[in-house]
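Let me begin by presenting the structure, written as structure tokens, before commenting on it.
The values are calculated or read from the model by the stated rules, or taken from the named source; none is laboratory data. All values derive from a computational prediction rather than experimental measurement. Positions of Cβ are generated from backbone atoms using ideal geometry, with glycine treated the same way; all protein chains shown enter the neighbour counts.
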Amino acid sequence: MGSVLESLPPEGRVAVVRLRSLGDCVLTTPALDILRWSRPDLRVAVMVEDRFRGVFEGNPCVDELLAPRLAALRRWRPHLCLNLHGGSRSAWLTALSGARCRAGFGHFRYQFVYNLRIPRAQEILAVDRAVHTAEHLASAMFYLGAPVCEIPRARWGRPPGLPSSSPPPSPYAVIHPTAATPAKTWRADGFIQVAEHLRASGLDSVFIGAASDDLSPFRAWRVVAGAPLSEIKPLLAASTLFVGNDSGPAHLAAALGVPSVVIFGPADPAIWGPWRAPAEVVRAPGGIAAVEVTQVLGALARLKVAA
């Protein structure tokens, strides 16, 4: 009996339910590459929330972006609906997708939704260790029938053009000093000391954040708050270095191949670290509050980024 992917008709339609969040969306792109390499004739749609559409726009492995509404999914008429999100909303969408094949990981809730239950990534990859999120998502493609291969780097659409507004004088670093929770957020004065060190070395800094983030401590540098992904992309792509907390922008920088220093709190870097990119991870046994500036400067030195 052939694999699931082999059973799909020529130019069959696949719906990948991703929904959110920023880092998860970025780390889904290696799996999409593998799917495209395995069955280049398939038409692939990604269902994603509007705020994260920019991760997939321009990606040659994606034929359509679907709003997270059942009507959009039903109009796509997928032969295979693959839920890579796992929440209750994504399960409901998958259940009502109309797809003959409905796939999700075996640890997801609402198992009755799926007639294809994907085992743990460790079982698929035949490893006994923590697996990176990119490996976990790619393993679904291997289980469905894609030939096992080296999992590629994440991608962020096509290479970006130049920034619409003039960037600061090159070279420069992009610093992302915020995160979703305090446990994942390094202290502001630490980032300021890092930016001062970089400036003394001839590397200016641009601080980025969401519109709701308080970036006032960094007003001595250029600040970009609330910019859409379409503006962040060329800013990151033209940068020499990224420094930031363990959060979505760190995965964006890695997808663009920007050398990065990422400061971790409670998350496991083996699972959430920069994927296949030049990077240094910094953490401390006492949590992110215990990370010293000297640790971050040491990571910068190891990266050997020239100013």
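In contact with a Ser or Thr (Cβ under 6 Å, 6 or more places away or on another chain), assigned by TED's automatic domain parsing to the domain that holds V282, crowded, with 20+ Cβ neighbours inside 10 Å and closer than 14 Å to V282 by Cβ: which single residue out of F191, F242, F264 fits that description?
Step by step, each of F191, F242, F264 is checked, and only F242 is in contact with a Ser or Thr (Cβ under 6 Å, 6 or more places away or on another chain), assigned by TED's automatic domain parsing to the domain that holds V282, crowded, with 20+ Cβ neighbours inside 10 Å and closer than 14 Å to V282 by Cβ.
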- Note on the structure: Residue pairs qualifying under the 8 Å Cβ cut-off, at least six apart or on distinct chains, with the first in the stretch 107-132 being farther than 17 Å from I151 by Cβ and the second being charged (D, E, K, R), are H107/R120; Q111/R117; V113/R102; Y114/R102; N115/R102; L116/R102
- Message: Tally up the residues in the stretch 194-215 that are surrounded by fewer than 16 Cβ atoms within 10 Å (Cβ to Cβ) and closer than 23 Å to A290 by Cα, please.
- Response: 3
- Per the list (1) farther than 19 Å from L5 by Cα; (2) more than 22 Å from the chain's Cα centre (by Cα); (3) modelled with pLDDT of 95 or more, residue check on V131 breaks on (2)
- Only one residue in A103, A72 is under 26 Å from E57 (Cβ atoms), in contact with a strand residue (DSSP E or B) (Cβ under 7 Å, 6 or more places away or on another chain) and crowded, with 21+ Cβ neighbours inside 10 Å, so which one is that? A103
- Message: Among the residues that make up the stretch 192-208, is at least one of them assigned to a loop (DSSP other than H, G, I, E, B) and under 23 Å from the mean Cα position of the chain (by Cα)?
- Response: no
- Message: With the condition being closer than 22 Å to E135 by Cα and not aromatic (F, W, Y), I'd like the strands (runs of 3 or more DSSP E) fully within the stretch 30-112 carrying at least 3 qualifying residues.
- Response: 43-48, 80-83, 101-105
- Message: I'd like the full set of residues that are farther than 16 Å from F191 by Cα and touching a strand residue (DSSP E or B) at 6+ places or on another chain (Cβ under 7 Å), limited to the stretch 228-245.
- Response: I232, L235, L236, S239, T240
- Task: For the stretch 261-281, enumerate the residues that are in contact with a Gly (Cβ under 8 Å, 6 or more places away or on another chain) and without any contact (Cβ under 8 Å) to a residue 24 or more places away in the chain.
- Result: V262, V281
- In the list I232, I271, which residue meets the criterion of being in contact with a Pro (Cβ under 9 Å, 6 or more places away or on another chain) and in a helix (DSSP H, G or I)? I232
- Unmet criterion (only one of (1) crowded, with 17+ Cβ neighbours inside 10 Å; (2) in a loop (DSSP other than H, G, I, E, B)) for A220: (1)
- Query: Within the stretch 51-97, which residues are at positive phi and small (G, A, S)?
  - Reply: G58, G86
- Failed condition for W156, given (1) touching a Ser or Thr at 6+ places or on another chain (Cβ under 6 Å); (2) part of a loop (DSSP other than H, G, I, E, B), with all others met? (1)
- Query: When both residues are 6+ apart or on different chains and their Cβ atoms are under 6 Å apart, which pairs have a first residue that lies in the stretch 1-18 and is over 9 Å from L42 (Cβ atoms), and a second that is of a type in the set (F, W, Y)?
  - Reply: A15/W76
- Message: Could you check the stretch 172-191 and list, in sequence order, the residues that are part of a helix (DSSP H, G or I) and either more than 16 Å from L300 (Cα to Cα) or in contact with a Cys (Cβ under 6 Å, 6 or more places away or on another chain) (or both)?
- Response: P182, A183, K184, A188, D189
- Only one residue in W92, W76 is modelled with pLDDT of 95 or more and within 23 Å of S3 (Cβ to Cβ), so which one is that? W76
